[in-house]
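**Student:** Attaching a single structure in structure tokens format; questions to follow.
Rule-based calculations on the coordinates, nothing more; no lab input. Keep in mind the model is a prediction, meaning the values are calculated, not measured. Virtual Cβ from ideal backbone geometry, glycine too; neighbours counted across all protein chains shown.
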Amino acid sequence: MPQRSPTLEGFRTILRRPSFGFAEFSWRWSFGAAAALLITFSFFEYLDTLPVSRLDLFLLKSRHPTLIGQAIAHIFHGSSMRIIDTSVVLALGLATMWIAIAALGRAATVKALVAYFRADLESEQKTKSWRLRSLLGLNFFRVAATLAATTGGVAALLLGGAVSPAGKPAPGAALLVMLTVFLLVGLAWLTVNWFLSLASVFAVVSGRDTFGSISDAVSLCRDQTGSVLAAGTWFALCHITAFFIATSIVAFPLGFAAILPPAVTLGGVLVVTLLYFAVADFLYMGRLAAYVAMLEFPPASVALRSSEFPVPILGQPLPSALHSAAAIDQEELILSDIPLPS
């Protein structure tokens, strides 16, 4: 059987079965819409807690920048703790909701991919029972990695401020330190998040636990390094291309912002942004299909199989297969059997 490229199978899957991409961005966008509504409602509830006196209203209606600034400072004075409390509650609620929804969504998409490839290969192999707690654990680690990356970003800002104190300002050094820390933290977060997302495939396909799925993900990268790099590289290039195309298209409504109504400009930017996110979800599903293909496709056949040519073990008699293959044909003439001419 000829070897099939997992990367090509990933692209072929999202082209043949676009329902996989629709399923992926359906649960993602459902969570995003719910999170946006929750944040919006929390923001309005926070605004309702702000006291606005008649003097503040008078200053706001004065249209004088200084008076408006004083009114805003007076309105928001003492509300920082409410902002912190609201942010913490929102972060915990959204993180918990994402862990559960992402686990169910990933289980559904990976199971569908496995069924698709096994039907294509006409395989009767049964899928092992997957564990929801394994996916919950992996998503919990992804949230923890995101929190650690956010903390690293805050630390980058603090380090930049420490490098450039008020007495001896050094904006160039501060910018260099912040960019370096941001880059290192971003690369670390991307690497950890990628491994955890890859491990979710093993949690569904092989029914492994959280740490077993991570170990299998590392083993896959070690055993099939070329295939993993090829899939990641090609889908990343497509993602970058889609990003540049989207930013180029967004420039058109922004260029006519002075002529077009604000609603039209904002609507055009919103539509292009949503289309870009949809394409990104399709590409993510294709990359996931490539990883599933690496697990489902049989490895390339080798020329010599150990069952045909067993390896001899020191101290034991030569196997019969090798003995018969290596034995000398008794009927074949050799030089010692031929008499020399006199």
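**Student:** Which of ARG287, ARG106, ARG4 has the fewest other C-beta atoms within 10 Å, and how do the rest follow up to the most?
**Tutor:** Starting with the residue having the fewest Cβ neighbours, the order is ARG4, ARG106, ARG287.
**Student:** Next question, about the same structure. Please rank SER213, SER79, SER227, fewest neighbouring Cβ atoms within 10 Å first, as an exposure proxy. If you can, show how the numbers build up before the last one.
**Tutor:** Numbers: SER213 27, SER79 15, SER227 19.
By the 10 Å Cβ count, ascending: SER79, SER227, SER213.
**Student:** On to the next question. What does the net charge come to around PHE22 if you take all other residues with beta carbon closer than 12 Å to its beta carbon, with K and R at +1 and D and E at -1?
**Tutor:** Surrounding charge for PHE22 is 0.
**Student:** Still on this model: Report the paramagnetic label zone for ALA236: residues of the range 143-170 whose backbone N is under 13 Å from a point 7 Å from Cα along the Cα-to-Cβ axis.
**Tutor:** none
**Student:** Does a label point 7 Å from the Cα of SER42, set along Cα-to-beta-carbon, have any residues of the range 85-104 with amide nitrogen under 19 Å, and which are they?
**Tutor:** Only 85-102 pass the distance filter.
**Student:** Of the peptides 109-118, 244-253, how do they stack up when ordered by the mean number of other Cβ atoms within 10 Å, highest first?
**Tutor:** 109-118, 244-253
**Student:** Please give, to one decimal in nm, the separation of the simple spin-label points placed at ILE72 and ALA108, each 7 Å out from Cα toward the Cβ.
**Tutor:** Modelled inter-label distance: 4.2 nm.
**Student:** Starting from the Cα-Cα distance between ARG17 and ALA162, subtract it from 0.36 nm times their residue separation and give me the gain in nm to one decimal.
**Tutor:** Using 0.36 nm per residue and subtracting the Cα-Cα distance, I get 46.9 nm.
**Student:** Calculate, for LEU184 and ALA91, the FRET efficiency according to 1/(1 + (r/R0)^6) with r their C-beta to C-beta distance and R0 22 Å; round to the nearest 0.05.
**Tutor:** After rounding to 0.05, the efficiency reads 0.40.
**Student:** Stretch ALA100-TRP194 to full length: gain in nm at 0.36 nm per residue minus the Cα-Cα span?
**Tutor:** Going from the current span to full extension adds 32.0 nm.
**Student:** What's the magnitude of the charge dipole for the range 1-102 around its Cα centre, counting Lys and Arg as +1 and Asp and Glu as -1 at the beta-carbon? Answer in Debye, nearest 20.
**Tutor:** 420 debye
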